[in-house]
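Only one structure is covered here, and it is reproduced in the block below.
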Amino acid sequence: MGPAIPDYTVLAENLASHGYIVVGINPTYTSNLIAFPDGRITHRSPQGTIPDSAGSAAADQIGNRILEVWTQDVVFVMDQLETLNAAQDSPSLRSARRMHAVKPERT
């Protein structure tokens, strides 16, 4: 369901070299492989993908469910970045003053 974060390495490095804060999110159970900081590893699962055999209506339903999870993941990451940005001991993020411009609206 799309390229993995490493596929964007060159673009991310270029943006970072111009001062942008770059964040990549690999959705758990949709990406082929996720390694967590504590050493746990998860693989793609049927719950995180649309089967090739799914009809149009089923694919839409499954895709909408997955999109909702991805949206929640993005909101979580943006909230964490906002918290880091507000922290007194995080000078590297304090310069990201326009986070409100990229934060998705809550519904």
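Peptides 39-46, 25-32, 76-83 ranked from most to least packed by the mean count of surrounding Cβ atoms within 10 Å: 25-32, 76-83, 39-46. Using the Kirkwood radius over Cα pairs, work out the Stokes-Einstein diffusion coefficient for region 5-101 at 4 °C and 1.567 mPa s, in µm²/s as a whole number. Translational diffusion coefficient: 82 µm²/s.
Only the coordinates and a few stated rules stand behind these numbers; no lab work does. Here the structure is a predicted model, which is why all the values come from computation and not from measurement. Glycine also receives a Cβ, built like all others from the backbone with ideal geometry; neighbour counts cover every protein chain displayed.
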